[in-house]
């Protein structure tokens, strides 16, 4: 029964890896498509710095979404090969996800409490990442 469970787990993880790979490929294609359409149709509409800023933020958000997918793929790869979850990779995925959210925020609509909560989340994640990396480097020395 243990052998069947290991086979089942490996098959599910490989299926998830293939699915995630296809999602990333589709996202890269779609991001390029949207970029080309935006350049062709809307580049003349960018008549002010705020409009340019908004367009660039959307582009950065799309790229970070793809990087997020790549980090998730790396998490699955490590789990398949080493059968363990590397906490530093999970922390990086969380930091990228929050960073993407921060880039896409409309700060004019955000209340002070929401901004403070987001700042606390960013500080907690980066401090946690620092501590994980410090503990990792201390234990490997």
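Checked against the criteria, residue 63 does not count as farther than 24 Å from residue 125 by Cα, in a helix (DSSP H, G or I) and within 20 Å of the chain's Cα centre (by Cα).
Look at residue 43 and say whether it is part of a helix (DSSP H, G or I) and modelled with pLDDT of 85 or more.
Working: part of a helix (DSSP H, G or I): yes; modelled with pLDDT of 85 or more: no.
Against the criterion (part of a helix (DSSP H, G or I) and modelled with pLDDT of 85 or more), residue 43 does not qualify.
Taking residue 34, is it touching a helix residue (DSSP H, G or I) at 6+ places or on another chain (Cβ under 8 Å) and touching a residue at least 12 places away in the same chain (Cβ under 8 Å)? Give the derivation first.
Numbers: touching a helix residue (DSSP H, G or I) at 6+ places or on another chain (Cβ under 8 Å): yes; touching a residue at least 12 places away in the same chain (Cβ under 8 Å): yes.
Taking the combined requirement at face value, the residue satisfies it.
Give the residues of the stretch 101-120 that are assigned to a helix (DSSP H, G or I) and free of Cβ contacts under 8 Å to residues at least 40 places away in the same chain, sorted by residue number. Break it down into steps so the answer makes sense when it comes.
Filtering the stretch 101-120 for residues assigned to a helix (DSSP H, G or I) gives 101-104, 112-120.
101, 102, 112, 113, 114, 115, 116, 117, 118, 119, 120 - these are the residues of the stretch 101-120 that are assigned to a helix (DSSP H, G or I) and free of Cβ contacts under 8 Å to residues at least 40 places away in the same chain.
Taking the listed residues 52, 65, 46, 34, the one that is within 29 Å of residue 131 (Cα to Cα) and surrounded by 11 or more Cβ atoms within 10 Å (Cβ to Cβ) is 65, with no other qualifying. Of all the numbered requirements in (1) modelled with pLDDT of 85 or more; (2) farther than 25 Å from residue 27 by Cβ, residue 139 misses one, and that requirement is (1). Annotation note: Cβ proximity below 7 Å between a residue of the stretch 1-28 that is at positive phi and at pLDDT 90 or above and a residue that is part of a helix (DSSP H, G or I) and surrounded by 12 or more Cβ atoms within 10 Å (Cβ to Cβ) (sequence gap 6+ or interchain) occurs for no pair.
Could you go through the stretch 127-141 and let me know if any residue there is outside any helix (DSSP H, G or I), out of contact with any helix residue (DSSP H, G or I) (no Cβ under 9 Å at 6 or more places or on another chain) and loosely packed, with under 13 Cβ neighbours inside 10 Å. Give the steps one after another, and end with the answer.
Applying the first criterion (outside any helix (DSSP H, G or I)) to the stretch 127-141 yields 141.
Still in the running and out of contact with any helix residue (DSSP H, G or I) (no Cβ under 9 Å at 6 or more places or on another chain): 141.
In the following step, the residues that additionally are loosely packed, with under 13 Cβ neighbours inside 10 Å were identified as 141.
Yes - at least one qualifying residue is present in the stretch 127-141.
The values are calculated or read from the model by the stated rules, or taken from the named source; none is laboratory data. Worth saying up front: this structure is predicted, and the values here are computed from it rather than measured. Cβ sites come from the backbone with ideal geometry, for glycine too, and all protein chains shown count toward neighbours.
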